[in-house]
Each structure stands twice: as C-alpha cells, then as structure tokens.
Amino acid sequence: MSGQRATIYAPATAPGRAGIAVVRISGPAADAVLAALTGGPLPAPRRAALRRLRDGAGGLLDEALVLRLAAGASFTGEAMVELHCHGGLAVLRAVLAAVAAVPGTRLAEPGEFTLRAFEAGRMDLAEVEALGDLIAAETEAQRAQAVRQLGGLSRLAEGWRGALVRALALTEAVIDWADEEVPERVEPEVGTLLGGVVAEIDRALAVSEGAERLRQGFEVAILGAPNAGKSSLLNALAGREAAITSPMPGTTRDVVELRYDLEGLPVVFLDMAGLRPTADPVEAIGVARATARAEAAALRLLLAAPDAPLPREALALERPGDLRLASKADLGGAAAGLAVSATTGAGLRALLGAIAARLGERVPSEGLVAHERQRLALEAARNALAQAAEGLDFRPPELISEDIRTGLRALERLIGRVDTEEVLGEVFARFCLGK
Ligand SMILES: Nc1nc2c(c(=O)[nH]1)N(C=O)[C@@H](CNc1ccc(C(=O)N[C@@H](CCC(=O)O)C(=O)O)cc1)CN2
Ligand SMILES: Nc1nc2c(ncn2[C@@H]2O[C@H](COP(=O)(O)OP(=O)(O)OP(=O)(O)O)[C@@H](O)[C@H]2O)c(=O)[nH]1
Ligand SMILES: [Mg+2]
C-alpha cells in the first residue's frame, strides 16, 4: 500500500439517529473496501445494489444499498464507494470500523473529499467556497446565492482571463516588433478589452458587500433603556423564553442571539443589556458588549417604552435606515415609532415586514462575490487593469503588459490556480466531515 495514495472514508451524513447514514469512501482501495464488506461481486458503476455488510470475522453489520463510482467519473475524480446504511449510531460505528480495517484506508479530514476534487482540477477555489456556502446555507436567499456562485463566478473569471490574454498578446506584439512597422495601433482594442473587464469586475464588486452580509446573516440589534422590553420582544419573536425577563432594570447582561429565517433572509436578533450609565461593573461589561454589537449590526431596533424612553446612549448608535419602536403598546402612551407589544403580539408582523423590507434592499439579486478572499483578489485585479487602461496612450507597452500580467495573476488567485497551502488550509477547514 505504501506509495499509493490513502483511501479516505467518512460519514457523509450528520451523526445521530436517522433513517439512513451514508459512508463515503474515495481512493484506490475503494473497490477493495466494498469487496471486503460485501464478500460478493462488485455491482456495475452507478448501479445501486442491495448488499449485506459484514466485518472481517463474517459478523453481519447491516443491510445496505451500495454504490460504486469509477475513477474519472466521481465527485473526487477517484474511485469511490458509498454505503447507504441504516442511520443508527451503532450501525455507523460498526461499519466505519469495518472500513478502517481494510488496508490503505484512513478517516478523512473535514473537506478532504472536496480537496481531492480541487486537486484533480474538477473544481476551482471559488467553486469550493460556493459549495461550502451551499452546505452552510440555512435560508432560501443564502441557498439561492450559493448555488448561483457554484460555477457562476468561475465562468465570469474565465471570460475575463480570455479577454486579458488577448490584450496581453496585442501589447506584447508591440514590444516584440518595436523596430518594425506596427501595422495598426493596438491601443483602441486593448483599451476596449481592459475597459470591459474593469467594468464587469466593478459590477461584481458593487454588490459584494450585500452578498457577504447575506452569506453571514444579518444581525439585528435590539436597543433601549433597561426595562424597555427588549428581552420580552425577543421572546415574543422566538415563541419561547429564550432570554430572562423581569421587572428589574438591568436584567440582561450577556448578548442573547436568536437565529431567525425571515422570509428566506438569515437574521440573528441580538437582545442585550439596556443602555445606561452604571456603577455596577458587571452591568458595565454588558453595556460595553451591547454597544459594540449594536455598532457592528446590520440594523438596529430602538425600543422606547412608556416607562423607559430612549436613552442618549441608544440615540448615539442610531443610523439611517434603523427602526424606532414604541414597545409595550398595550399600555397606551404615545411614543413615536412602530407600535409593538410583546404581551399581546400586536405589531410583531408589521415589525418583521419592516425588517425584511430594510434588509431585502441590501440583498443583491446577482451577488457572486461573497468572500473577503475573493473580493481582495478582484480588487487587486481591478486596480492593476484600470492602471493599465489609463496609461495606454502614454506609458511604455512594457509597463502596460506588466499591469495586465498582475491582473491576470490576481484572477488566477481568485480561482486558486496560484495559491499558497495556507489559503487552501483556511478554505477547506470550513468544511464539515464527509464533504
Ligand atoms: N449520494 C450522493 N449524493 C450526492 C453527491 C454524492 O457524491 N453522492 N454529491 C456530491 O457531493 C452531490 C452531487 N454532486 C456530484 C457531482 C459530481 C458527481 C460525479 O460523479 N461526477 C462525474 C460524473 C458526471 C456525470 O455523470 O454527469 C464527473 O464529473 O466526471 C457526483 C455527484 C450531491 N448529492
Ligand atoms: N404590559 C407590557 N409589559 C411588558 C411588555 N414587554 C415587557 N414588559 C414588561 O417590562 C418589564 C421589562 O421587560 P424586559 O423584557 O425584561 O425588559 P428589557 O428591556 O429586556 O430589560 P433589561 O434586560 O433590564 O435591559 C417586565 O416586567 C416585562 O413583563 C409589553 O409588551 N407589555
Ligand atoms: Mg433584557
């Protein structure tokens, strides 16, 4: 077995009691694993077959559907086998142990199947990131964005590369034939090529912030004085007692997070300490955390109750687009803003609608760049290419060509064609076991 690449295996489904658990095996010993566990003839590739799985001593482990994928026609590009077992913990443990007993196998690292697909040239780095996003997607808008990025960004980058290679060839022709008669001025065509790529990169970058926000989820901070009803509002939204509430001002100190699928938008509501000057050192920590989280949030809800008007500290954090709420609306009173009551539920639907509208405005319909790594690579490409385009008519072609090459390299970084191990490690570490 030495010299041969390890055959990796891992559960591809989440652990716990479930109808079915899938074990994935990839590498040169995949067929040997299947033969060892089934004893029988191997099914044809891509034909599911029902087989009894046995351990090395012949003990029956499970009855499973098994699937073979031939080398060159699988997700990783290697020979692969899938065992679709019954989804019990003990079944999974026993089957994994039987796989582990076959020489040449070892448990996969998180993301290692995808790493092999990447190394085999079946996916580029932007696609790997999109695949990670797709698996992590918790809401419809996140899913739609991730699946659009799966291949979408790479196709664009491929088109840009094509245009830049042509621009480079034209520019270098001028350098190579400097002494001879240049048949035509190449600058107009180079300018058109560069300008087109720069404009398209700009379009992708323009919505990258919204795309990144959507990927990570929108934090919505609930702000107000102590006792304004922040925790009660969070609980009313959650439909459960997620946070402690009490008539005592200063109840909440930690930030309590509530993940929420708001019409397909991923929202994290943040309930926090009421804002006020305080001598209590623990409450002061809570206020400091609240302030920091409120500043970083995508949106702030400023809560004023009849018995707890908006404090200066909350007003200082308000930004355009934030929402003002009049809480405890069931008590009457005439605070300005959207009237809500945690007690009766009045105004909650209108509140959710208003939040969805505000956040929806920031969700790009064509977001393709949702990772800082991608954005930095594109910004570098854009800057180099814009510099090349601007200097076309007065800088020597040697410098123009150098800038175009810099832009090309940045695009290759985007799709991971040139990259350090470090970046790869970072990208793949986000993956779960079995992917
Ligand atoms: N059971 C199972 N379901 C799965 C996967 C899997 O590996 N196993 N997937 C995986 O993560 C996803 C589907 N993606 C896949 C991508 C490529 C290939 C594949 O075998 N590609 C070959 C053949 C292409 C073809 O037949 O058209 C290739 O590209 O050469 C398989 C699955 C989601 N569902
Ligand atoms: N009538 C009425 N009372 C409410 C409503 N919301 C909250 N209260 C009451 O107001 C008091 C404070 O509520 P909390 O939700 O704990 O207030 P908070 O803003 O989280 O307060 P701190 O955590 O101390 O900052 C409690 O006695 C709640 O029962 C409401 O909609 N109507
Ligand atoms: Mg509270």
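When restricted to residues that are more than 20 Å from A10 (Cβ to Cβ), buried (at least 20 other Cβ atoms within 10 Å of the Cβ) and among the aliphatic types (A, V, I, L, M), segment 120-162 contains 8. On the stretch given as segment 379-411, residues that are part of a helix (DSSP H, G or I) and more than 27 Å from the chain's Cα centre (by Cα) total 18. Across segment 218-229, a minimum of one residue is classified as more than 16 Å from ligand 2 (Cβ to nearest atom) and either among the aliphatic types (A, V, I, L, M) or under 30 Å from A273 (Cβ atoms) (or both). Within segment 398-407, being surrounded by fewer than 21 Cβ atoms within 10 Å (Cβ to Cβ) and touching a residue at least 24 places away in the same chain (Cβ under 8 Å) holds for E398, S401, R405, T406.
Taken over segment 203-229, the criterion of being closer than 29 Å to P281 by Cα and among the aliphatic types (A, V, I, L, M) is satisfied by V220, A221, I222, L223, A225, A228.
This table checks each residue for (1) away from ligand 1 (no atom under 16 Å from the Cβ); (2) touching a strand residue (DSSP E or B) at 6+ places or on another chain (Cβ under 6 Å).
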| residue | (1), (2) |
| --- | --- |
| P43 | no, yes |
| R47 | no, no |
| M80 | no, yes |
| L83 | no, yes |
| R93 | yes, no |
| P103 | yes, no |
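When T291 is tested against (1) under 27 Å from the mean Cα position of the chain (by Cα); (2) within 13 Å of ligand 3 (Cβ to nearest atom); (3) hydroxyl-bearing (S, T, Y), only condition (2) is not met. Across segment 240-267, the qualifying residues are those that are within 10 Å of ligand 2 (Cβ to nearest atom), farther than 26 Å from L214 by Cα and not β-branched (V, I, T), and the one among them that is nearest to the chain's Cα centre (by Cα) is R253. Among the residues of segment 137-150, those that are free of Cβ contacts under 8 Å to residues at least 60 places away in the same chain and under 10 Å from the mean Cα position of the chain (by Cα) comprise A137, R143. Take the conditions part of a strand (DSSP E or B), farther than 22 Å from G3 by Cβ and touching a helix residue (DSSP H, G or I) at 6+ places or on another chain (Cβ under 6 Å) and apply them to L61. Does it pass? Yes. Taken across segment 73-82, residues that are in a strand (DSSP E or B), among the β-branched types (V, I, T) and buried (at least 20 other Cβ atoms within 10 Å of the Cβ) do occur, with at least one present. Of everything in segment 182-210 that is assigned to a loop (DSSP other than H, G, I, E, B) and over 25 Å from the mean Cα position of the chain (by Cα), the residue that is surrounded by the most Cβ atoms within 10 Å (Cβ to Cβ) is V186. Considered as a group, the residues in segment 230-239 that are within 14 Å of ligand 2 (Cβ to nearest atom) and farther than 25 Å from D280 by Cβ include one that is surrounded by the fewest Cβ atoms within 10 Å (Cβ to Cβ), and that residue is A238. Within segment 223-246, residues that are without any contact (Cβ under 8 Å) to a residue 40 or more places away in the chain and assigned to a helix (DSSP H, G or I) have Cβ atoms under 8 Å from residues that are among the charged types (D, E, K, R) and more than 6 Å from ligand 2 (Cβ to nearest atom) in these pairs: L234/D271, counting only partners at least 6 apart in sequence or on another chain.
Quick one: in segment 366-397, which of the residues that are among the hydrophobic types (A, V, I, L, M, F, W, C) and surrounded by fewer than 16 Cβ atoms within 10 Å (Cβ to Cβ) is nearest to E119 (Cα to Cα)? Taking the candidates together, the pick is L376. Exactly one of (1) closer than 15 Å to A10 by Cβ; (2) in contact with a Leu (Cβ under 8 Å, 6 or more places away or on another chain) is unmet by A117. Its number? Single failed check for A117: (2).
Rule-based calculations on the coordinates, nothing more; no lab input. Just so it is clear, the structure is predicted and the values come from calculations on it, not from any experiment. No Cβ is skipped: glycine too gets one built from the backbone with ideal geometry, and neighbour counts run over all protein chains shown.
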